[in-house]
Amino acid sequence: MAEESAMDRFCGSEFWNSSLSWWTEDPDLTPCFEQTALVWTPCAFFWLFMLFDFWYLKASLDKNIPWSKISIAKLLFTIGLLVITILDLIMAFVKKGGDSELPRYSLDVWGPIIKIATFLLVLLFIPLNRKFGVQTSGCQFMFWFLFVILSIPRCRTEARAHQQRNEILDSNQEEIPDYSWEEYQFVSFFIFYAFACVMLFLNCFSDAMPRQTKYKRGPNEIPELSASFLSRITYRWFDSMALKGYRNPLEEDDLWDLRPQDSCKEVMPTFAYYWNKNVRKNYKQAAQTSEPKAQFANGKVSFENPQGNGRKKGMASIMPPIYKSFGGIFLFGSFFKLIADVLTFAQPQVLSLIIGYVEAFETTPQPEWKGILYSVLLFVLASIQTFILAQYFHRMFIVGLRIRTALINCIYRKALRISNAARKESTVGEIVNLMAVDAQRFMDLTTYLNMLWSAPLQIGLALYFLWQELGPSVLAGLAVMIIMIPLNGFIASRIKTYQIQQMTYKDKRVKLMNEVLSGIKVLKLYAWEPSFEKQVLDIRDKEIATLRSTAYLNASTSFLWSCAPFLVSLVTFATYLLTDEANQLSTKKVFVSIALFDIIKLPLTIIPMLNADIAETQVSVKRINKFLNSEELDPNNVQHDKSRPHPIIIENGHFSWGDEDETTLKNISMEVPKNNLVAIVGTVGSGKSSVVQAILGEMEKISGSVNTVGRLAYVPQQAWIQNATVRDNILFGKAYDRKRYNRVIDACALRTDIEILSAGDLTEIGEKGINLSGGQKQRISLARAVYNDADLYLLDDPLSAVDAHVGKHIFEEVIGPKGMLKNKTRVLVTHGITFLPQVDNIYVMKAGQVSENGTYAQLLKNKGAFADFLIQHLQDGEEEEEDLNQIKRQLSENAEPELLAPIEKAIKLARTESLSDSISVTSADSLMGRGSLRRRARRQESYDSAASAASLKRKQEVEGKLIETEKSQTGGVEFAVYKHYIKSVGIFLSVATLVLNFAFQAFQIGSNIWLTQWSNDKEVETNTAKRDMYLGVYGAFGFAQGLCNYGAAITLFTSSLNASFKVFRQLFDNIMHCPSEFFDTTPKGRILDRCSNDVNCLDMVMPLNIRMCMSTAFQVLATIVVISISTPIFLAVIVPIGFIYYFAQRFYVATSRQLMRLESVSRSPIYSHFGETVTGVSTIRAYTVEDRFIEESDNKVDKNQVCKYPSLIANRWLAIRLEMVGNLIILFASLFAVLGGQSNPGLVGLSVSYALQVTQTLNWLVRMSSDIETNIVSVERIKEYGETKQEAAWELEEDKKKPKNWPADGRVEFSNFQVRYREGLDLVLRGVSFNISGGEKVGIVGRTGAGKSSLTLALFRIIESAGGKIIIDGEDIAQLGLHMLRSRLTIIPQDPVLFSGSLRANLDPFDVKTDEEIWKALELSHLKAFAKGLTSGLNHEISEGGDNLSVGQRQLVCLARALLRKTKVLVLDEATAAVDLETDDLIQKTIRSEFKDCTVLTIAHRLNTIMDSDKVIVLDKGQITEFASPTELLDNPKSAFYSMAKDANLV
């Protein structure tokens, strides 16, 4: 007998006996071991981990859980357990030691004491958890779980002992021993064990809801909050969502509320607290103030201004606050990762035990229970790893989400306070990118960040274990891996260059397509589509070529990686065998090494990626830091001293726009008395708006002082409109007061506009006010200010964008002495001279200084800058006829006689220019953005695109719904879409890809089976030739694998690129063939989205997805095949496992797809709201509504998290379920291998090592297949546009028979012609008939909407006839090909559209004219001098939309186009506001001389241009009312033409 150990003495019996426990057919543990080690392990676990429980108590946001059945039961059973244990202790003193013959050992006393202490602690937590609102405790669950599991051996021991005692008692022995102590222990233990099982059961559920919660818990709260520990680690609480998503596509209302811990309200204060500490550390401050821990003071979080306090020590970085705020959870997650990593390495060790077990089967079979133990152990290890990894990823995602929330909100708050100089440094797009790209980077990185320490750890451990198996030969394998890294790095950098190149091409293509779509109408009129289509497809060809190169590189990377594990094992085994004759490969060595090499593969792949990611994130950190450290507006720019006499006072102010040296405003002194109206006038660029900005505090004050008293309202010069309803834009966060609201609407002349809008004032306005005219935006902006009811009003030229009569109305109703604002203090920047006599005071600005001030009458007497301004202004000719009369009246009352002469002259000049288009001017009309078209308001030109009035009106009629809403796909994708894609790929290539992938897997299995064969072959030890043969064939297998893999990758990539090329070509061709109504109803952005994002998805995303999906699918297949070869009985288990897998996958895909859609829908509002805020920041600051905007932004972020969080959980939910399926495969593969009497250790090793990989593979398979389903939607969307309605054929066979010079005479005949814009709309022309002989000049006049433009569109068949016909030179145009028709007519359109490219390409895109012809056309269109002056002449690059030419020049380019084509029929859609009078005369002259023998149809807006035409057509409501020569019509005073001429002062 070995001498006693301390534990033996402690128990009074043997502690450990290996012959009893291990070397036996029937294993058992000693009672001492059962009562010490197996009881104390759970207790120790509990004492160790209860720290976490205390931490949870401290962190809990809730309080006070009511007593429930569960908590009462827990209390009673814990007390029960305590009683039993105390009883045990008492009985030990009664029955043992002292007088009794049974000795009392330490165990009898200390065993119960340890248990009593533990149960007391458990008991303590029951009221504590109730008090602090903790509903479930993981530590307690684990304690009871371990306790119950580890007590099982003792159950067996006690039951056996009881049975033996009964046998002894039943036998008729003389002396029956006294078993009372043993019997007592038996009874007490089983009651105790039953109680413990009940406690475990009770701990599977969570407690009731707390009564006091920090945040209100709604009925829609996330179940996770009150889920039990068990439900949390298995994610059972997510089942309801998965089920709901499986039954119906999820909608936004189905989502749960956000967990309070992840909301902005919880995340922000912590982050702000650490950020402010960090700012203070980096910027030395004069006074040190201690800051309280961050609180949400009425919902506001304040971030300190890094610039605001004292000297700078360095940049305040976001990193320290991030560590401090979120480091705790991150470290907790990292702890999980550490455990998981260690467990990974336990698996190969168990694998070697299993192989050892099978190897010994022939010679010295081991007892069967060991085999089962190993299999179960493998399963348990894999399962623990599954649960731990799920928790790890979950923690990382939470950290990522919180960091993103913190950064987005921090950036948002900063953007509201950044100074104008700092804002100029970056564009709005760049600032939005900080949020969209840089903050997102953090989120993507957090998951992988732990690989920084985990990868080296994994590699190090793997090498250690490999060294034990193979000795120094491992280094050879390692060398191969290390050589792979730079090789891959090199390929990766090449791929990157190609990607950049591809992006450039893509941008170019999208830019060109954007232009094509913007100018599609012009392209159709000129029949120029083929030329532009060719340009786009040429760029696309280059793009595909770059993608092809990338594909070859990608294939080579994948070749390298598929070869890597193989090469590594080949090199290692070869080195091992060839360095020493004695070295032999055993099965154990082979499979353990392969398992270990597999583990290394992942960290090695991730390290290079991780480095790149970290580098990118560092760039992001730098960019965010730069932004958060930039200058803020100085709040002291404006004082608010209430004791000053007037509400607005500036004294000797010098101001600049943040550039130190450049002073924009000098010596500004002005005061605005209470309730006065003060005007600021001056020429363009004299600093009028800057004065307003200075009052707002937006400009840097260099010296002097600004003081304002009272609340401000501000109307900026460029109206800032939010993407919200009209009403929300006007209310701007104020409560809705119907009476006041209606007064404001009427005063601002918005009533008619609102009536025209589809949903009245609840119509949603697109971003940047896209569906409003400039005038409407300006009036809404003004209405916002009026409704706001402030004390001071700063109006920056609010009347520039509206028509004269509307301007007058607004001035009288709102701004002027009788308006709604008469009792407010107002500052008005204006160009309108008409209103100046009614203001209290006028300040005249000149070159950034106030040159004079006074009332209207005073200033006219001064004859200073003001008088110059008047004359200058009149010569600009911006005034209406009626205004000119009024100005004349006002002047004759006030002005000096010597001033009157030049002013009279100016007025005369202006009058000749005045517009004579007799559009009935009503407010509704100004809505259409036409209004009075001759007020060429210089500044407004760029904003107010004269949205063609008629078409807008028509669109509005269709239910006010102009733009069809985009269908968000729900549910699955039809098979037809897949079929369509496979067809585009090509059947042959699809099959080839499949076959190659299959071959790759076959070779891989082959090489592994060859290895088993080799390791089982005993002859190799003596026969080196045989060994070399094995080695050679193994190498060949590997090489074949690599080739198949490369082939598979290449065929897949090239075929999918062919597909995306075909698909794009078809898509684009179809879009070019769409009739123009398609472009009216479909927003350009949506078409571009299909052509950029969806096509990009086909180019880049789909091939990788399909590749991954295929390889994982084949890998799963291979696993099943291999396991079934080695243990055929495994097939029986496959079916049920397959079912589980299938259901998990279906549930997941349905839910996850919809969640991802919802998430992307809720993500864009964050960025668009931010972009909107950055553009309107001065308005937001003026109205001091920053807090409301911050709250809106926070809500949008939270809403995005609401969609994002469940989709992350869905991944974990799936991972746990799938990995458990995989773990079952491991269990059965190893169990069957052990129990099935399998004697070939190689096959067993093979099947188990395949099974070990299957968990990851299954997971990837579902991910990839669901990604394919998500991305195939792109194919669906493209297919949808590939099937839209097309216009008539461009070319017909019959066209070729027509003479080259058709139409030779230019006779045009309309017979009973009718036309409508779209199906279901009213006719626009209702039976028009007239005849024009060749060479006649005809003018077409009529009010807006009479059908003038429709006539020309019908001539070009842009809109097809609904009855009747048009005949040109005897040919019915409906029988011609569209290009034949359109290329034989010429039009000079109303808005000149130019495309980016050379001047030459803009005149002659098909390159058919000679240089002489082009120069001749330029000379006739008066552009020759301009073109000669350009350095590159005809090759002069024109920028997008012709921005680098003036509008007049663009109009002349269009004239030159017409001269080049010179067909018999010319249509002139007269340009309205684009050209000045001179240019206009030139154009008229040229047309008269050059087109004298052509038929010319002119749509006239100014009657004087058509007075000399042969005939005039007067249209009204789609019918011809008059058709005769102008003289004839003018002789008849009753004619409509006569009244128009009278209006225009022509008669």
Note to self: Tell me yes or no: at least one residue of the range 110-118 is buried (at least 18 other Cβ atoms within 10 Å of the Cβ), in contact with a Lys or Arg (Cβ under 8 Å, 6 or more places away or on another chain) and touching a residue at least 40 places away in the same chain (Cβ under 8 Å).
What the structure shows: no
Next item on the list: Kindly indicate whether any position in the range 820-831 is over 27 Å from Gly733 (Cβ atoms) and touching a Ser or Thr at 6+ places or on another chain (Cβ under 9 Å).
Entry: yes
Check: All but one of (1) farther than 24 Å from Met1380 by Cβ; (2) in contact with a Ser or Thr (Cβ under 6 Å, 6 or more places away or on another chain) hold for Ser1311; which doesn't?
Finding: (1)
Notebook entry, point to check: Within the range 844-865, which residues are open to solvent by less than 10 Å² (accessible area, probe 1.4 Å), out of contact with any Gly (no Cβ under 8 Å at 6 or more places or on another chain) and either assigned to a loop (DSSP other than H, G, I, E, B) or within 26 Å of Phe655 (Cβ to Cβ) (or both)?
Noted result: Gly854, Leu859
Check: Only one of Ser630, Ser656, Ser620, Ser643 is in contact with a helix residue (DSSP H, G or I) (Cβ under 9 Å, 6 or more places away or on another chain), polar (S, T, N, Q) and farther than 30 Å from Asn409 by Cβ; which?
Finding: Ser656
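Based on this model, can you work out whether Val267 counts as modelled with pLDDT of 75 or more, surrounded by 15 or more Cβ atoms within 10 Å (Cβ to Cβ), farther than 30 Å from Gly80 by Cα and touching an Asp or Glu at 6+ places or on another chain (Cβ under 6 Å)?
Judged against the criteria, Val267 is not a match.
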Check: Restricted to the range 62-74, and to residues that are of a type outside the set (D, E, K, R) and touching a residue at least 60 places away in the same chain (Cβ under 8 Å), which residue is farthest from Thr213 (Cα to Cα)?
Finding: Ala73
Item checked: Residue ranges of helices (runs of 4 or more DSSP H) in the range 1406-1478 with at least 1 members at pLDDT below 80 and surrounded by fewer than 21 Cβ atoms within 10 Å (Cβ to Cβ) -> 1447-1461
Check: Quick check: is even one residue across the range 738-761 in a loop (DSSP other than H, G, I, E, B), aliphatic (A, V, I, L, M) and surrounded by fewer than 16 Cβ atoms within 10 Å (Cβ to Cβ)?
Finding: yes
Note to self: Being surrounded by 21 or more Cβ atoms within 10 Å (Cβ to Cβ) and over 19 Å from Lys1464 (Cα atoms) narrows it down to one residue among Ser1361, Ser1350; which is it?
What the structure shows: Ser1350
Item checked: Residues of the range 573-600 satisfying the condition of being polar (S, T, N, Q) and at pLDDT 85 or above -> Thr575, Thr579, Ser593
Check: Of the residues Val1177, Val1149, Val1234, which single one is of a type outside the set (Phe, Trp, Tyr), closer than 27 Å to Tyr392 by Cβ and buried (at least 21 other Cβ atoms within 10 Å of the Cβ)?
Finding: Val1149
Check: Looking at this structure, is Ile721 under 40 Å from the mean Cα position of the chain (by Cα), open to solvent by less than 20 Å² (accessible area, probe 1.4 Å), at pLDDT below 90 and among the hydrophobic types (A, V, I, L, M, F, W, C)?
Finding: yes
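Tally the residues that are over 30 Å from Val1262 (Cβ atoms), more than 21 Å from the chain's Cα centre (by Cα) and in a helix (DSSP H, G or I), restricting the search to the range 1178-1218.
8
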Item checked: Residue list for the range 1093-1109, restricted to those being of a type in the set (A, V, I, L, M, F, W, C) and surrounded by fewer than 20 Cβ atoms within 10 Å (Cβ to Cβ) -> Met1100, Val1101, Leu1104, Met1108, Cys1109
Next item on the list: Taking the residues in the range 1522-1541 that are out of contact with any helix residue (DSSP H, G or I) (no Cβ under 8 Å at 6 or more places or on another chain), open to solvent by 40 Å² or more (accessible area, probe 1.4 Å) and part of a loop (DSSP other than H, G, I, E, B) as candidates, determine which candidate is nearest to Ser1329 (Cα to Cα).
Entry: Lys1534
Next item on the list: Residues being more than 14 Å from Ala1215 (Cβ to Cβ) and open to solvent by 10 Å² or more (accessible area, probe 1.4 Å): count how many of those fall in the range 1240-1263.
Entry: 7
Check: Which strands (runs of 3 or more DSSP E) sit wholly inside the range 621-686 and have at least 1 residues that are open to solvent by 50 Å² or more (accessible area, probe 1.4 Å)?
Finding: 648-656, 665-672
Note to self: Can you find a residue that is in contact with a Ser or Thr (Cβ under 6 Å, 6 or more places away or on another chain), surrounded by 15 or more Cβ atoms within 10 Å (Cβ to Cβ) and modelled with pLDDT of 85 or more anywhere in the range 1284-1297?
What the structure shows: no
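Would you tally the residues in the range 1431-1448 being closer than 20 Å to Asp1411 by Cβ and more than 38 Å from the chain's Cα centre (by Cα)?
Going through the range 1431-1448 one residue at a time, the tally reaches 6.
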Checklist line | Near pairs, Cβ below 8 angstrom, 6+ apart or cross-chain, from the range 1016-1039 (touching a residue at least 24 places away in the same chain (Cβ under 8 Å)) to any residue that is of a type in the set (Val, Ile, Thr) | finding: Asn1016/Thr587; Arg1027/Val1020
Note to self: Looking at Phe77, Phe93 in this structure, which one is closer than 30 Å to Arg211 by Cα and not in a loop (DSSP other than H, G, I, E, B)?
What the structure shows: Phe77
Note to self: Can you pull out every residue in the range 1493-1521 that is surrounded by fewer than 19 Cβ atoms within 10 Å (Cβ to Cβ) and of a type in the set (D, E, K, R)?
What the structure shows: Asp1493, Asp1508, Asp1510, Asp1516, Lys1517
Margin query: Need the failing condition index for Gly328 against (1) surrounded by fewer than 19 Cβ atoms within 10 Å (Cβ to Cβ); (2) over 17 Å from Pro1241 (Cα atoms); (3) at pLDDT 90 or above, just the number.
Written below: (3)
Notebook entry, point to check: How about the range 808-838: which of its residues are open to solvent by 50 Å² or more (accessible area, probe 1.4 Å), within 17 Å of Asp797 (Cβ to Cβ) and among the basic types (Lys, Arg)?
Noted result: Lys808
Next item on the list: Specify which of the listed residues (Thr85, Thr30) is open to solvent by less than 40 Å² (accessible area, probe 1.4 Å) and either within 46 Å of the chain's Cα centre (by Cα) or closer than 30 Å to Lys131 by Cβ (or both).
Entry: Thr85
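Does Trp256 fit the bill of being modelled with pLDDT of 75 or more, assigned to a loop (DSSP other than H, G, I, E, B) and under 30 Å from Leu1208 (Cα atoms)?
Considered against the rule, which asks whether it is modelled with pLDDT of 75 or more, assigned to a loop (DSSP other than H, G, I, E, B) and under 30 Å from Leu1208 (Cα atoms), Trp256 comes out as yes.
The values are calculated or read from the model by the stated rules, or taken from the named source; none is laboratory data. What you are looking at is a predicted structure, and each value in this text was computed from that prediction instead of being measured. Cβ sites come from the backbone with ideal geometry, for glycine too, and all protein chains shown count toward neighbours. For accessibility, only protein heavy atoms count, side chains too; no ligands or nucleic acids. Shrake-Rupley method; radii C 1.70, N 1.55, O 1.52, S 1.80 Å.
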